[in-house]
Amino acid sequence: QVQLVESGGGLVQAGGSLRLSCAASGIIFSIHTMGWYRQAPGKQRELVAAITSGGSTNYADSVKGRFTISRDNAKNTVYLQMNSLKPEDTAVYYCNMQGNIINYWGKGTLVTVSS
């Protein structure tokens, strides 16, 4: 059974930092693209950042220069370092694993940025 478990969300003031983690189990981690998505109230879920099995990354324009995605294949974990947080970053953040025939989601972790 595949599980993606996010952690690290919480309440932070604008300008602060948080580090999200997503631990995967039940599947070979290293060969899949991992991503972080977010969904704010009343809005569609959007891609925040993704990292391929080879380490290539891409980011939403809104987070470039502030967020960094990384992965530790030995720990089956993907991270999202979020710096210079803004109130508009408030959302539920979801971990995602994608492959040719798979698409798994975590349950999400709430990030709230106060002004």
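The values are calculated or read from the model by the stated rules, or taken from the named source; none is laboratory data. As the structure is a computational prediction, the values presented were derived from the model and not from experiment. Here the Cβ is made from the backbone with ideal geometry for all residues, glycine too, and neighbour counts use every protein chain on show. The protein model used for the area step is the full one, side chains on, heavy atoms only, and it has no ligands, DNA or RNA in it. Shrake-Rupley method; radii C 1.70, N 1.55, O 1.52, S 1.80 Å.
Tabulated data for the structure shown
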quantity	calculated
Cβ-based net charge around residue 88, under 11 Å, with every Lys or Arg adding one and every Asp or Glu removing one	+2
Kirkwood-based Rg to Rh ratio, the chain, C-alpha trace	0.95
Computed accessible area, residue 70, all protein chains, 1.4 angstrom probe, square angstrom	40
Most mobile listed residue (16, 55, 26) in the chain, GNM with C-alpha springs under 10 Å	26
Calculated FRET value between residue 62 and residue 5, using beta carbons and R₀ = 25 Å, to 0.05	0.45
Kirkwood Rh in Å, taken over all unlike Cα pairs in the stretch 53-115	13.4
Accessible area (Å², 1.4 Å probe, nearest 10) - residue 92	40
